[in-house]
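Here is the structure we will look at.
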Amino acid sequence: MLSLRNKELRNILILSITSVLIFTLLGLWISVEVALLLVLQGILLIFLFFSFTLYRYRNIKKLSTYLRRIRQGEHSLDIRDNVEGELSILKNEIYKVTSMLSEYNEKLKKDKILLADHMADISHQLKTPLTSMLVTVDLLKDRNLPKDKYDQFVSNIYSQLERIKWLVTSLLTISKLDAGVLEMKPVKTKAHDLIRSAIEPLLIPLEIKDISYHIKGGDNYLYCDLHWTREAIINILKNCMEHTPSGGQLFIEINNNPLYSEIIIKDTGIGISKADLPHIFTRFYRGKNSSKDSVGIGLSMSKSIIRGQGGDITVDSREGKGSIFNIKLYKSVI
């Protein structure tokens, strides 16, 4: 119900009555009949105005009820109608905002579940080397331990600490990439220098496994962040090397065209299964051919780094036929 405590309605009522009185007094100069007609017309207009206002207030009250129900969790509530008017427009806009909030809420729920899964994965990855170190430390308490065993155990602890350091550093990098706070600094880089700097840390493991590598198109130039692109390529090369048997080969080819620069990395390894292929860049995913020490974040980090520069990375592979990673770094359009 309308209440005269509403200042806006009270002012409108006072103005309306004042207007009716003024026009009634003016009508008396003509005749009593005209004055009476003006009074009746004024009363009718006031009645129609307040009837329409009452109708609008009832609709606004319904909207308030809708909003309260939506706030209580009824996000699927549909308040749209096809009637012309400001209230209908308002209803439709409220429905659009509610739908967006509902979708956002669902996304937050999924992200929360995903975060919980990731935290469980991280905990598991940290637990394994920590458990190994605790066991090793207990063994080191033996004062009669031979020197060769002592050196072996210390070396094991060091390697486990290195693994934890790499894991934590990688996770921090990924979190910065996800948050968009990792600044990329693209510079003009000779492809040969980039590939050489990426393959240098892997030279000894490649030699041990007797895996040869071949670089084609090293004279081309790339426009990219040298440090982070190097990290992305290292992760891809490590993945290729780990899944390539002794005596295998790696092929690295760099191409240029007006739209993008392209880095193709191909191996002669065991390939990726059809079931694993869609998930190869998914964080913490470990395929059936993954090594026991695999964490499942290397390729995910590579994709985040490349996408952070406006590029893209894809993979094509078949079991027993090797894998081909294709990195595209798109050029700025002037």
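The values are calculated or read from the model by the stated rules, or taken from the named source; none is laboratory data. The model shown is predicted, which means the values in this text are computed figures rather than measured ones. Ideal geometry is used to build each Cβ from the backbone, glycine not excepted, and the neighbour counts take in all protein chains shown. Just so you know, the surface numbers come from the protein's heavy atoms only, side chains and all, with ligands and any DNA or RNA stripped out. Shrake-Rupley method; radii C 1.70, N 1.55, O 1.52, S 1.80 Å.
Work out the charge dipole of the chain with +1 on the Cβ of Lys and Arg and -1 on the Cβ of Asp and Glu about the Cα centre, then indicate which of Gln249, Gln309, Ile208 is farthest towards its positive end.
Going by the charge dipole, the pick is Gln309.
Could you tell me the relative contact order of the chain? Use alpha-carbon pairs under 8 Å, at least six residues apart, and round to a whole percent. Can you show the working numbers first?
Numbers: 380 pairs, mean separation 36.8, N = 334.
It comes to 11 percent, rounded to a whole number.
Which shape class, rounded, prolate or oblate, goes with the range 100-226 when its Cα gyration tensor gives a ≥ b ≥ c as root eigenvalues, a/c under 1.5 marks rounded, and past that a/b bigger than b/c marks prolate? Before the final figure, lay out each step's value.
Details: a/c = 3.15, a/b = 1.15, b/c = 2.73.
Oblate shape, in that a/c is at least 1.5 and b/c is the bigger or equal ratio.
Shape of the range 209-249 from its Cα gyration tensor (a ≥ b ≥ c, root eigenvalues): rounded if a/c is under 1.5, otherwise prolate when a/b > b/c, or oblate?
Values: a/c = 4.31, a/b = 1.64, b/c = 2.62.
Taking the square roots of the gyration eigenvalues as a ≥ b ≥ c, the range 209-249 is oblate.
Given Cβ point charges of +1 (Lys, Arg) and -1 (Asp, Glu) and nothing else, what value in debye, to the nearest 20, does the dipole of the chain about its Cα centre take? List each step's numbers first, then the result.
On the way: 45 positive and 36 negative charges, 176 e Å.
Dipole about the Cα centre, nearest 20: 840 debye.
To the nearest 20 debye, what is the magnitude of the charge dipole of the range 133-282 about its Cα centre, counting +1 on the Cβ of each Lys and Arg and -1 on the Cβ of each Asp and Glu? Don't skip to the answer; put the middle values down first.
On the way: 17 positive and 19 negative charges, 39 e Å.
The dipole magnitude comes to about 180 debye.
Viscosity 1.567 mPa s, temperature 4 °C: give me the Stokes-Einstein translational D for the chain in µm²/s, with Rh taken as the Kirkwood radius over C-alpha pairs. Write out the running numbers ahead of the final one.
Values: Rh = 26.9 Å.
In µm²/s, the coefficient rounds to 48.
Taking the range 8-58, which chymotrypsin sites (Phe, Trp or Tyr not before Pro) meet the DSSP loop condition and have no more than 15 other C-beta atoms within 10 Å?
Values: sites: Phe23, Trp29, Phe47, Phe49, Phe50, Phe52, Tyr55, Tyr57; in loops: Trp29.
When the chymotrypsin sites (Phe, Trp or Tyr not before Pro) of the range 8-58 are filtered for loop state and at most 15 Cβ neighbours within 10 Å, Trp29 remain.
Using the Kyte-Doolittle scale, find the helices of the chain whose mean hydropathy is at least -0.5 and whose Cα atoms extend 18 Å or more along the helix's long axis, counting only whole DSSP H runs.
Working: long enough: 7-28 (32 Å, 1.49); 32-71 (58 Å, 0.84); 86-140 (79 Å, -0.03); 147-179 (48 Å, -0.22); 226-242 (24 Å, 0.01).
Both cut-offs are met by 7-28, 32-71, 86-140, 147-179, 226-242.
Could you compute the net charge surrounding Asn156? Neighbours are other residues with a C-beta less than 12 Å from the C-beta of Asn156; K and R count +1, D and E count -1. It would help to have the intermediate numbers written out before the result.
On the way: positive: Lys149, Arg163; negative: Asp151, Glu162.
It works out to a net charge of 0.
What net charge do the residues around Ile264 carry, taking every other residue with its C-beta under 14 Å from that of Ile264, with Lys and Arg at +1 and Asp and Glu at -1?
On the way: positive: Lys216, Lys266, Lys328; negative: Glu253, Glu262, Asp267, Asp312, Asp316.
Local net charge: -2.
Projecting each Cα onto the charge dipole of the chain (Lys/Arg +1, Asp/Glu -1 at the beta carbon, about the Cα centre), which of Gln41, Ile195, Gln152 comes out farthest on the positive side?
Comparing the listed Cα positions along the dipole, Gln41 ranks first.
If you add up the charges near Ile234, with Lys and Arg at +1 and Asp and Glu at -1, over every other residue whose beta carbon is less than 13 angstrom from its beta carbon, what do you get?
Working: positive: Arg196, Arg230, Lys238; negative: Glu200, Glu231, Glu242.
The answer is 0.
Which whole-number percentage describes the relative contact order of the range 151-291, with Cα contacts under 8 Å and a sequence gap of 6 or more? Could the numbers behind the result be given before it?
Working: 154 pairs, mean separation 28.5, N = 141.
Once normalised by length, the contact order is 20 percent.
What number, in percent, do you get for the relative contact order of the range 184-225 if the mean sequence gap of Cα pairs under 8 Å and at least 6 apart is divided by its residue count? Don't skip to the end; give the middle numbers.
Working: 36 pairs, mean separation 31.5, N = 42.
Here the relative contact order equals 75 percent.
Farthest toward the dipole's positive end in the chain, which of Tyr57, Tyr285, Tyr95, given Cβ charges of +1 (Lys, Arg) and -1 (Asp, Glu) about the Cα centre?
About the Cα centre, the residue reaching furthest to the positive side is Tyr57.
How much accessible area per residue does the chain have, in Å², with a 1.4 Å probe?
Working: 22130 Å² over 334 residues.
In whole numbers, the chain has 66 Å² accessible per residue.
Please compute the length gained on full extension between Leu226 and Arg71, using 0.36 nm multiplied by the number of residues separating them and subtracting their Cα-Cα distance. Present the calculation step by step, with values, prior to reporting the outcome.
On the way: separation 155, 0.36 × 155 = 55.80 nm, distance 4.93 nm.
Using 0.36 nm per residue and subtracting the Cα-Cα distance, I get 50.9 nm.
Just to confirm the filter: which GluC sites (Glu not before Pro) across the range 101-205 are DSSP coil and have at most 14 other Cβ within 10 angstrom of their Cβ?
On the way: sites: Glu103, Glu106, Glu162, Glu183; in loops: Glu183.
When the GluC sites (Glu not before Pro) of the range 101-205 are filtered for loop state and at most 14 Cβ neighbours within 10 Å, Glu183 remain.
Ignoring ligands, DNA and RNA, please state the percent of accessible area on the range 234-291 from carbon and sulfur, probe 1.4 Å. Write down the numbers at each step before the final one.
On the way: 1460 of 2690 Å².
The computed percentage sits at 54.
What shape does the range 171-264 take by its C-alpha gyration tensor, where a ≥ b ≥ c are the square roots of the eigenvalues and a/c under 1.5 counts as rounded, a/b above b/c as prolate, and the rest as oblate? Please report the intermediate quantities before stating the final value.
Working: a/c = 2.34, a/b = 1.30, b/c = 1.81.
Taking the square roots of the gyration eigenvalues as a ≥ b ≥ c, the range 171-264 is oblate.
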